[in-house]
Amino acid sequence: MIQANDFQPKRNTWTLQDSAVLYGLKNWGDDYFSINEQGNIAVNPQGKQGASLDLMDLVKELEGRNLKLPLLIRFDDILEDRLEKLHKAFEKAIKHYKYKGHYKGVFPVKCNQQRHVVEELMRCGKRWNFGLEAGSKAELLIALSLIDNEKALLICNGYKDKRYIETAILARQLGRQPVIVIEEPDEVERIIAASDELGASPIIGIRAKLSSRSSGRWGNSIGEQAKFGLSIPEILTCVDKLRAANLLTDLQLLHFHIGSQINDIGILKDALQEASQIYVELNHLGASMGYLDVGGGLGIDYDGSRTATPASANYSLQNYANDVVATVQECCESNCISMPTLISESGRAIVSHFSVLIFNILGTSVVPSAIPPIQKEECLTVRNLRDTLKYIQKINKKSQVDPSELQEAWNDAIKFKDDALTAFRLGYLSLRERAIAEQLTWACAKALVEGLPLNDFLPKELHTLQSTLSATYYANLSIFRSAPDTWAIQQLFPVMPIHRLTEQPKQLGHFADLTCDSDGKLSRFIDNGQVKSLLELHKIKPGEKYVIGMFLGGAYQEVMGNLHNLFGRTNAVHVRLAPESGYKLNHVVRGNTKSDVLEATEHDPELLLEKLRVASEQAIQKGNLKISDARRLMDHLETSLRQSTYLHK
Ligand SMILES: *Cc1c(COP(=O)(O)O)cnc(C)c1O
């Protein structure tokens, strides 16, 4: 039943604030994203105090430079600001608790390996001696070449063979500060052997397998079953071996990583306590120690609900820094141990905000709801449905709607539709009459839904009604390429139109992407701690672009994306605020052409063209193809190979 208090008095005006509330922008937008007077998304790349860019204007200007959608816009100022916020949070916590030690961050390269991104982080991070974390040999090469600061750390994680270990040891002589973190028991032997052979030793770290409770998607990064790290008995064996090899003084770091996107700060606290105790014990065992590396996991509040749910986190950046500092301090103080330099490997927390994925809508499919013209001699059910429709339209005109009236009207419509179906089955209704009855039922539903305020909680019956009328918005995008986690792990990102936000969005819909895969869709949206399957969208205006932004996707999406259906990388640009006003484009990274993606699957674009040339020549000979048409075909093929894999409208 519809309760009277489910309804809000109707307002005729839709404001920017309504849009901000509807899309949760106030919750997840932080200081970076808001809505401007024009009803477009405004980006403040340096936070609130800095200048603001109109995202829609920016997109138009980029398109003017022939940078077609879909497009990834990277705001390097946001990257810098996030780095600053992280360091400020730790500085503040250290000051507040009078912690006698420092904080030193590293960026886990796996989070976003793009050269311009890592370079930018190294450049902006220099003032804090910000370093890098590598999880593979390829990432080690990136880290070695891009760190040019003797005070920055290079944390070497991941499984390591002899060459990985020797490279890290030798890099110390280049003036880098590599720390080899032992992730599995065998590695200690290889480190001892390499140090022996080279006559030089690395800084050594140990990754501990913690047994604290865990949660969330990456919950199994912790506990006895974890893939990485040493159990307590293994740690003890490792210490003994290092002592025997005279390398115990090089053991300086304890590392743990309890998984990405920690939703619940309570879990982090437990892990911190356990790790701090292990750190103290390692000191007692005679290791030099000096660093405690708390790994990654610092969460992003994708839906802004501040809850311990998968798309959120129940703590702020400052809470996180406070807990790390306070917990370690307490443990070290009570054990009279000097306080370690704290390291975090926060990836998601640094790069999520800075890139925005922009895509356009190619068209929509909606339930037909045109009102069929009145026929001569309509049957009773059809006439009844027409009356019901008129009645709903009349209710909608009133300033105060009585919900029970709406419910009643809808019940009537459903009954008449069922009547029509029964009559059809019994042969009393023609196919045409049945079609009219169905169309009128849709029209009733639509009239009903249009009268409802979209941003309020709706009674269940009416919400179902809205979903049956929802539309598919065809997105010029491959989610497998650009938002793979939405498919692979049901990750939620804020998605919303970047313009027309002064208008009330009157259509519920979801997005279907370009791939021929029924999984290729976006149909889970943030909903303040919950998930909704339909998003409030605007109706497409003929001849006008409808542009959508996916936000907070700067971490992991790019490299995890794949070539499903051979949709390639999108164009990407790096935008910086210009000193005076406006912005400048620091880098333009062109997306893949069709040639690129063909080559990625071992096809030879030239050979492919040649085969088709031969085929069209044969068709000309047989008289099946005109010469001018053959030329047109070859033109299309040649141009197409040079162009992006997406649709151009
Ligand atoms: C993935 C990973 C990180 C980064 O985690 P975020 O949740 O992105 O901060 C840090 N350290 C290690 C060892 C990792 O495997």
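The residues of the stretch 319-476 expose, per residue, 46 Å² of accessible area to a 1.4 Å probe. Averaging the sequence gap over all C-alpha pairs within less than 8 Å and six or more residues apart, then dividing by the number of residues, gives the stretch 567-609 a relative contact order of 35 percent.
State the Kirkwood hydrodynamic radius of the chain in Å, one decimal place, computed from all pairs of distinct Cα atoms. Display every interim value, and only then the final one.
Values: mean 1/r = 0.0353 Å⁻¹.
Over the chain, the inverse of the mean reciprocal pair distance is 28.3 Å.
Split the accessible area of the stretch 77-353 by element, probe 1.4 Å, and carbon with sulfur accounts for 49%. Sum up the charges of everything whose Cβ sits under 10 Å from the Cβ of LEU230, counting Lys and Arg as +1 and Asp and Glu as -1, but leave LEU230 out. Counting the neighbours of LEU230, the net charge comes to -2. Around the amide H of ILE155, modelled in the peptide plane, lie the amide H atoms of LEU132, GLU133, ALA134, VAL179, all under 5 Å away and 5 or more residues distant in sequence or on another chain. Using just its DSSP H runs of length 4 or more, each adding -39500 (n - 2.57), the chain gives a mean residue ellipticity at 222 nm of -12500 deg cm²/dmol after division by all residues. Placing dummy labels 7 Å off each Cα toward the beta-carbon, the span from ASN396 to GLN173 is 8.0 nm.
The values are calculated or read from the model by the stated rules, or taken from the named source; none is laboratory data. On a predicted model such as this, the values are computed, not experimentally measured, just so you know. Quick reminder, even Gly has a Cβ in these numbers, built from the backbone with ideal geometry, and neighbours come from all protein chains shown. These area figures cover heavy atoms from the full protein model, side chains too; ligands, DNA and RNA do not enter into them. Shrake-Rupley method; radii C 1.70, N 1.55, O 1.52, S 1.80 Å.
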